[in-house]
Amino acid sequence: MNGELTVCDAVEQDAAAIASIFAHYVLESTATFETEPPCLEESRRRITATLEAGYPFLVVREGDEGRAGAEGGRVLGFGYAHRYGPRAGYRFSVETTIYVAPDSLGRGIGGRLLGALLDQCEARGFRQAFAVIAESEPASVVLHARAGFLPVGTLTAAGWKHGKWLDVFVMQRALGEGNQSLPEAVIP
């Protein structure tokens, strides 16, 4: 590990690394409420669908100036945004998602990813960002608070995984002018 980190757009060739990172959280934690790790093809589909819908999907690479896929450095984490809710009224709001390889925690990767993700969301005209965080993930709460997210609510016993009920914290951060002006961008 040379220590150089680069945040860049995800490409389909990153699907295997993303699937591997995410599988850990699906199987070993309550950071996600998914219970079956997505296969390689599903990971590819998710990257493509996110990008085609106009949302950012990023990875952090170690070394090699962020070149994509097998030619670039090892993927140490990924993050993406998607519409907060399915209805048209949510089109200016996003939910953010960040995952870091378990052997790379504590290196500032989550903060770099989240910062870049928020920058890209602002540049695309989104106005509100939400984080939906399981109570079992206090480090994620701290990460989001450092990025300017504020707590807006708790969903009591909203999830069930690994034999227990879990509360979910919702945090929110304005992007750009937030609700201080009318939206200008055309967002799908």
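The values are calculated or read from the model by the stated rules, or taken from the named source; none is laboratory data. Since the structure is predicted, the reported quantities are computational estimates derived from the model, not experimental observations. Every residue, glycine among them, receives a Cβ derived from its backbone with ideal geometry; neighbour counts consider all protein chains shown. What goes into the accessible areas is simple: the full protein's heavy atoms, side chains included, and nothing from ligands, DNA or RNA. Shrake-Rupley method; radii C 1.70, N 1.55, O 1.52, S 1.80 Å.
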Residue-ordered couplings for the range 155-162, obtained by feeding phi - 60° into the Karplus form 6.51 cos²θ - 1.76 cosθ + 1.60 and rounding to whole Hz (Gly and Pro as x), are 9, 6, 6, 7, x, 10, 7, 6
Rounded to one decimal in nm, the spacing of the 7 Å Cα→Cβ label points at residue 82 and residue 9 is 2.0
With Cα springs under 10 Å, the Gaussian network model of the chain assigns the largest mean-square fluctuation among 138, 86, 37 to 86
Over the chain, the sum of -39500 (n - 2.57) across DSSP H runs of at least four, divided by residue number and rounded to 500 deg cm²/dmol, gives at 222 nm -8500 deg cm²/dmol
Expressed as a whole-number percentage, the relative contact order of the range 85-188 with C-alpha contacts under 8 angstrom and at least six residues apart is 31
Regression test value, accessible area per residue of the chain, probe 1.4 Å, units Å², expected 52
The simple spin-label model distance between residue 28 and residue 103, using points 7 Å out along Cα→Cβ, in nm, is 1.0
Under the Karplus relation with 6.51, -1.76 and 1.60 and θ = phi - 60°, whole-Hz ³J(HN,Hα) for the range 176-184, x at Gly and Pro, equal x, 7, x, 9, 7, 8, 6, x, 10
Filtering the chain for DSSP H helices with an axial alpha carbon extent of at least 30 Å and a Kyte-Doolittle mean of at least -1.0 returns none
For the chain, the convex hull over Cα atoms projects on average to an area in nm² of 10.6
Per the 1/(1 + (r/R0)^6) rule, R0 = 35 Å and r from the Cβ atoms of residue 170 and residue 16, FRET efficiency to 0.05 is 0.65
Once all protein chains are kept in place, residue 119 shows an accessible area at probe 1.4 Å, nearest 10 Å², of 100
Output for the range 138-179 (equivalent-ellipsoid semi-axes, sqrt of 5λ from the C-alpha gyration tensor, Å, descending) is 25, 12, 7
Computed ³J(HN,Hα) along the range 91-97: with the Karplus parameters 6.51/-1.76/1.60, θ = phi - 60°, integer Hz and x for glycine or proline, the list is 5, 9, 10, 10, 10, 9, 9
